[in-house]
Amino acid sequence: MGETYTDSDRRYLLIATCLASIITPLMSTMMNLSLLSIGADFDVGSHSQAYVNTMFLLGSVCCMVPAARYASIHGMRRVFLLGLLTLIVSCILTFLSPNFQFLILMRFVIGFGSGMLMVTSIAMLTCVFPIANRGRIIGINTTFVYLGLSVGPTIGGIITDALGWRYIFIFILCLSILSFILVSGFRKEVLIEPEAMMDWKGSVLWGMMIVVLMLGMVNITTEWGPWCVIVGSALLVALWYYLRNSEQPALNSRMFRNLLFTRSCVAAFMNYGASYCITFFLALYLQRIGQMSATEAGALMLVQPLMQILLTMKMGALSDRMTDKRILPAVGMALTGAGVAMYLFLDTNYSLPYVVVMMAIIGLGLGTFSAPNNSLILSSVPPHFKGEASGVLSVVRQTGMMISMSLAMSMISIIMGSTDNLTPENYGIFLDVIHYTFTVCLVMCAVGVICSLIPIKGAQDLN
């Protein structure tokens, strides 16, 4: 690993990565309450509005695999700083967006920069902090992620109502500059492997597969959408064959031979796949059917992430002390499923108490699941795989989120079609979209519970 780290180094790194970890969830949640404003400015419907988040996720997923590999070779700190620099430049350009197409392109670039932060932040903490308190440290970092999720809707709503959606990117620009200054003060590199080689072929193949497959899924009702799904699926098969036969692949597929690692990753994928589109639909539901302003909706949407903040750090520390580490992830997934099931009963008769209870239950589930499951994933592999395992964890999370948004966009296309502008006349159709989407999400929660409960026989490599 090269460097030795003092307690002071560890504290400084924890503060720096936690502050930077707020940025990525802010870039997601702050935009949800500006979608209607963006749609009005550029005259686009709900399907196109969903691209604002989908392209952000697409950029982050495309970046993560090559960024994780590059960070293992050239240093995680270097990649972390490069990600912040990418955010600084792209936020300035996004503020100046002349049209919707340019905005979407910049959201892809912002996602690319965010991907660099995500694959290095937890990886650095995992490499620097000892196993004895790793769950607690990951819990602290995850809490800051949820802090971004919690304040994002409120801040985004206030900024959108007071100044306009463009100033959201000025806010992120200021945070990125501050994080860059703080992280640059940490002088030591983390997990450098100069003897390894960068797999550019695998990285390009990964990016092509993600872009083609996801664009096909979100445009499944077009003539070219199904063909993209077919080509993307073929690229996925080709990628898996390449990774299995490459000496130094961009993504080490050998980690998936570890059943504990694999089933925990699948559970994480199902968790984020079932829950991410919640904020997208809820923002539209509250502002249209609930007749709330962006600021009011943002304040109400604090309920879910606040529950996550209250629980995440405690659940991470509790998982360190528990013998059977399957319990907390399984309970978390079950609670999330209960909250998701409540979406099946939403109608045009808006009920504030019902929405609050629904968000609180989902917040309880996500807060109980995340840190214990993340700790399981990162503790199930040998030390020399920690960086790559962290990269896989981030990829799984973002891919789950991207699938969630792809599901939402597909349902909008299939059910609403060209009537995707939300007016009182098509509120019923919009609710049909919500009901069908969350039926699929509920199935994903059930699969996540099953994966979390799979017993692991024999010794586990918990380092």
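The values are calculated or read from the model by the stated rules, or taken from the named source; none is laboratory data. Quantities reported herein were computed from a predicted structural model and do not represent experimental measurements. Quick reminder, even Gly has a Cβ in these numbers, built from the backbone with ideal geometry, and neighbours come from all protein chains shown. The area values use the complete protein model at the heavy-atom level, side chains included, leaving out ligands, DNA and RNA. Shrake-Rupley method; radii C 1.70, N 1.55, O 1.52, S 1.80 Å.
Estimated at 0.36 nm per residue, the fully extended path between PHE42 and ALA162 surpasses their Cα-Cα distance by 41.3 nm. Across all Cα atoms of the chain, the radius of gyration (one decimal) and Dmax (whole number) stand at 20.8, 64 Å. Put a plus charge on the Cβ of each Lys and Arg, a minus charge on the Cβ of each Asp and Glu, and nothing anywhere else: the dipole of the chain about its Cα centre is then about 1200 debye. Extension gain, ILE92 to ILE131: 0.36 nm times the residue separation minus the Cα-Cα distance gives 10.0 nm. Protein heavy-atom accessible surface, 1.4 Å probe, per residue over the chain: 38 Å². Cβ-Cβ distance of ILE170 and LEU310, R₀ of 35 Å, FRET efficiency by 1/(1 + (r/R0)^6): the value works out to about 0.70.
Our coupling estimate for the range 426-435, obtained by passing each phi through the Karplus curve with A = 6.51, B = -1.76, C = 1.60 and θ = phi - 60°, is 10, 4, x, 5, 4, 5, 4, 4, 4, 5 Hz, Gly and Pro reported as x. Mean sequence separation of contacting Cα pairs (under 8 Å, at least six apart), scaled by the length of the chain, corresponds to a relative contact order of 24 percent.
In nm, what is the difference between 0.36 nm times the number of residues separating ARG187 and VAL356 and their Cα-Cα distance?
Contour length minus the Cα-Cα distance gives 56.3 nm.
Taking every DSSP helix (H) stretch of at least 4 residues in the chain, weighting each as -39,500 (n - 2.57) and dividing the sum by the residue count yields a mean residue ellipticity at 222 nm of -26000 deg cm²/dmol. In this structure, ALA341 and SER8 have a Cβ-Cβ separation that, at R0 = 45 Å, corresponds to a calculated FRET efficiency of about 0.40. Quote the FRET efficiency, to the nearest 0.05, computed for ILE177 versus ILE414 with a Förster distance R0 of 35 Å and r equal to the Cβ-Cβ distance. Calculated value: 0.25. Relative contact order of the range 200-317, taken over Cα pairs closer than 8 Å and 6 or more residues apart, is 15 percent. Under the simplified labelling scheme, the ALA238-LYS201 pair shows an inter-label distance of 1.2 nm, with each label point 7 Å from Cα along Cα→Cβ.
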